[in-house]
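Rule-based calculations on the coordinates, nothing more; no lab input. Because the structure is predicted, anything quoted here is derived from the model rather than measured. As a convention, Cβ positions derive from the backbone with ideal geometry for all residues, glycine included, and neighbour counts pool all protein chains shown.
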Amino acid sequence: MLVESGKKILTDQKFDSNESNSKFRNCVFVRAVATRKTFTKVDFKYSFFETCYLRKCHFDTCDFTGCRFMGTQFTGSTFAGCKFDYATFERTIIDPKILDTECPGHENLKSLFSRTLRTNFQQLGYAVAANKAMKIELSATEVHLRKAWQSNESYYRSHHRGPFLRTIAFLEWMKFKALDFIWGNGENLLRLIRSVFIFVGLMAVFDVTNYGDPSQIRSYYAAFSRSIEIFVGALTPNEYWKGYLALITCVRLIAVGLFISILVRKFSRR
């Protein structure tokens with residue numbers, strides 16, 4: 001059975017004075033305007049802001065839980081102690097400093113908050129802010145996944161009951177950490193380069209162990225140089241097992257794919 005949500009639509013309204021302890025819960029603000037106003041402990045829960053202009057305003061301890069901001073301008077506006085749980089942003093101009101002070105306390109909500117801001121900044125072509133949001137998102141995601149299997153907090157234990165679900169959460173965390181080590185989850189080119197050199201180093205050890213003299217230091221230098229040529233496909237030794245060469249080819253193709261993916265991610269934000 002469906003009932004009316006009671007959402008109020010406020011169109012072309014202007015805040016002509018400061019607001020304190022006001023309630024604007026479950027409202028739709030369409031083209032609302034406010035300039036140089038202060039909002040203190042205002043309840044905006046579950047409200048929508050569509051193409052609003054809120055310039056150089058200060059929001060102090062306001063509640064934006066479940067709010068949605070679309071095409072809204074917060075140019076010069078500041079926030080202090082506000083609540084943004086489950087809030088989403090689309091094509092909204094807002095200072096990226098909000099990521100420094102207004103992130104939700106719980107890691108899963110913090111990850112969601114930074115993710116929606118990252119997408120928002122990408123829509124605006126603000127690459128620096130998008131990268132900042134991505135770093136916070138990855139950090140929060142790592143903590144959330146780790147707590148899912150390790151923490152004894154009631155939230156995580158109620159959502160991951162028993163050893164089976166904790167094991168699944170552990171495997172998800174291990175996957176995240178492995179991808180973070182290999183290529184920073186798509187955000188760190190240097191880690192990808194490091195991973196390639198580690199693999200080439202293992203190839204060199206294999207080469208020395210099977211076809212060189214492990215007691216000679218120069219054997220390792222020669223093997224490393226040779227392994228680079230093999231990895232890039234410039235050299236195909238006949239004495240190598242075909243399956244091993246196929247493995248090297250697969251790793252090379254994966255590395256190239258990850259490299260292209262990083263470039264596409266970086267340039268797409270610009």
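At-a-glance table
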| read-out | value |
| --- | --- |
| Principal axis dimensions, the range 58-138 - Cα atoms, whole angstrom, descending | 29, 27, 19 |
| Inter-label distance, nm, simple model (7 Å from Cα along the C-beta direction), VAL28/GLU239 | 7.6 |
| Degrees between helix 217-232 axis and first principal axis of the chain (Cα, 0 to 90, nearest 10) | 60 |
| Length-normalised contact order of the chain in % [C-alpha pairs under 8 Å, at least 6 apart] | 9 |
| Rounded to 10°, Cα long-axis angle of helix 242-268 versus longest principal axis of the chain | 30 |
| Fraction in percent of alpha-carbon pairs per bin - 10 Å, the chain | 6, 21, 22, 19, 15, 8, 6, 3, 0 |
| Ranked GLU239, GLU50, GLU90, criterion: other C-beta atoms within 10 Å, fewest first | GLU239, GLU90, GLU50 |
| Extension gain from ASP95 to GLU153, taking 0.36 nm per residue of separation minus the Cα-Cα distance | 17.6 nm |
| Dmax and Rg, reported as Rg then Dmax, of the range 86-130 (C-alpha, Å) | 9.8, 28 |
| Neighbour-count ranking [beta-carbon atoms within 10 angstrom, fewest first] of LEU2, LEU109 | LEU2, LEU109 |
| Rounded FRET efficiency, nearest 0.05, which uses the C-beta distance separating THR38 from GLU4 and R0 of 30 Å | 0.35 |
| Computed over the range 8-162, Cα set: Rg, Dmax in Å | 16.4, 55 |
| Estimated dipole of the chain in Debye, rounded to 20 [Cβ of Lys and Arg +1, of Asp and Glu -1, Cα centre] | 440 |
